[in-house]
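K.L.:
Got a structure for you, questions after.
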Amino acid sequence: MDVSRGNFSSSGIIYEVPPIDLPRGFNVDNAARIRKDTGMITVAVGRINDPAQADEILSSDKADMVVIGRAQLADPEFCNKAQAGKAEGIVRCVGCNQGCYDGFVSTEIPFITCLRNPALGREIEYKLTTTEYPKKVLVAGGGIAGLEAAIILKRRGHHPIVCEASDALGGQFALAGEAPRKEEMKTAALAMGEQAIREGVDVKLGTPVTASLIAELQPDEVIIAVGSTPMELKVPGSHLPLVTNSHDVLAGKLTISGKVVVVGGGLVGLEVAEYLHDQASEITVVEMMDQVAKDLGQLRSICVMENLYASGVKTLTDAKCVEIKDNAVVIESKGQLQEYPCDSVVVAIGAKSRNFENINAFCREHHIPCHVIGDAVQARRALNAVAEANEIARAI
Ligand code: SF4
């Protein structure tokens, strides 16, 4: 008996294609109970994405068999790597749902794909070929787009050098992993950095790419994967001390308490609201559009909204922050102005590409082919950033 649950006609759909918000192995206890009570041979399934987790289910007699679905879409070599004792090299499914559900149901793409495995379903087309002309490729930025490009380049016989301005790899994806229930994303981003190093990619941390660095390294080609920075709110008072942004909050750079207003009700704004739930006495999310969570996939949206509702976070839609005062925000809604007293304001209105004109200008002047990928082109989903990185690394 395959012990699963869910349906496609209610919010129970989250159990059919479980996002990261659901605990790993969330059906296993049911399988164990049915097995014990009926004596039937049972199969455990659902968010099982690690060989050690599968081993534990079997060795603790919770099920007779483990079935692993999406984890093998993310890494078709999952079982082979596990059998060879190389579990650390498994590319983990992170329950993002971006490629295997969201894009497909929105008909944005006509087939499923995978954030972690852009070659999914197109294995022949995406088969890696060894280059006849190995090149030194400078990759500016060590987020998941830069790392994907570097790993693919290295496997093809090129010599990638990843230069990351901060002191850690993983970029925005690792930062996103600070939000509630998303630590697997952080783990995946860090594991990707470790994998790049294991495969021999030259990684330099604390090294922003400048014109003089390019002159010193003399790369044959440059990939710009410098990512994005938070957009600033341009209203009177937006530079007051009570104002901060979502990135600094998720990075744990400050402590926030009291009444908090989060400006922006997209994915990041809602996750920040959840993140602050234990610290703040009251949280209000202000969104200009008629609905919050518009940029979330359908299934993650159900989970995030359920958690927000349970935690008592208030949301205001059709509401625009027009001014920030020392202890309040001024909100315009349906032609009316209203003040909301608060102790902190967190701006989460999206991200804009980081400036890389210095790199571009140097490459232009010295005729070095230069490619821009990921959020450096335009801030969007990680699925697009990784796919672009893979594509450019196969083309060089
Ligand atoms: S798209 Fe995301 S959830 Fe779907 S298989 Fe890939 S990593 Fe897993």
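The values are calculated or read from the model by the stated rules, or taken from the named source; none is laboratory data. Just so we're clear, the structure is a prediction, and the values are computed from it rather than from any experiment. Heads up, the Cβs are rebuilt from the backbone with ideal geometry, glycines too, and the neighbour counts pull from every protein chain shown.
K.L.:
From the list A196, A191, A176, A215, exactly one residue is out of contact with any helix residue (DSSP H, G or I) (no Cβ under 7 Å at 6 or more places or on another chain), within 20 Å of C93 (Cα to Cα) and of a type in the set (A, V, I, L, M, F, W, C). Which is it?
P.N.:
Just a single option satisfies the conditions, and that option is A191.
K.L.:
Right, here's the next one. Restricting attention to segment 52-88, report how many residues are surrounded by fewer than 17 Cβ atoms within 10 Å (Cβ to Cβ), under 22 Å from the mean Cα position of the chain (by Cα) and either touching a residue at least 40 places away in the same chain (Cβ under 8 Å) or more than 19 Å from N117 (Cβ to Cβ) (or both).
P.N.:
The qualifying residues number 2.
K.L.:
Just to be sure, is L153 within 15 Å of the ligand (Cβ to nearest atom), within 23 Å of the chain's Cα centre (by Cα) and modelled with pLDDT of 95 or more?
P.N.:
Against the criterion (within 15 Å of the ligand (Cβ to nearest atom), within 23 Å of the chain's Cα centre (by Cα) and modelled with pLDDT of 95 or more), L153 does not qualify.
K.L.:
From the list K325, K334, which one is assigned by TED's automatic domain parsing to the domain that holds G258 and either under 27 Å from the mean Cα position of the chain (by Cα) or under 20 Å from L242 (Cα atoms) (or both)?
P.N.:
After applying the criteria, what remains is K325.
K.L.:
With respect to G227, determine if the residue is over 30 Å from E148 (Cβ atoms) and either at pLDDT 95 or above or of a type in the set (V, I, T) (or both).
P.N.:
no
K.L.:
Looking only at helices (runs of 4 or more DSSP H) that lie completely in segment 9-124, which have at least 3 residues being more than 12 Å from the ligand (Cβ to nearest atom)? Even if it seems obvious, please write down each step before you answer.
P.N.:
Values: elements: 28-38, 51-59, 70-74, 78-83.
Those helices (runs of 4 or more DSSP H) span 28-38, 51-59, 78-83.
K.L.:
Next question. Applying the selection to segment 369-396, what residues are surrounded by fewer than 17 Cβ atoms within 10 Å (Cβ to Cβ) and in contact with a strand residue (DSSP E or B) (Cβ under 7 Å, 6 or more places away or on another chain)?
P.N.:
Listed by number, the residues that qualify are P369, Q378.
K.L.:
Another question, if that's okay. Got at least one residue in segment 275-283 being outside the structural domain of A145 (by TED's automatic domain parsing), surrounded by 20 or more Cβ atoms within 10 Å (Cβ to Cβ), in contact with a His (Cβ under 9 Å, 6 or more places away or on another chain) and at pLDDT 95 or above?
P.N.:
Yes, segment 275-283 contains at least one residue that is outside the structural domain of A145 (by TED's automatic domain parsing), surrounded by 20 or more Cβ atoms within 10 Å (Cβ to Cβ), in contact with a His (Cβ under 9 Å, 6 or more places away or on another chain) and at pLDDT 95 or above.
K.L.:
Quick one: is L138 modelled with pLDDT of 95 or more and over 23 Å from the mean Cα position of the chain (by Cα)?
P.N.:
Values: modelled with pLDDT of 95 or more: yes; over 23 Å from the mean Cα position of the chain (by Cα): yes.
The answer is yes for L138.
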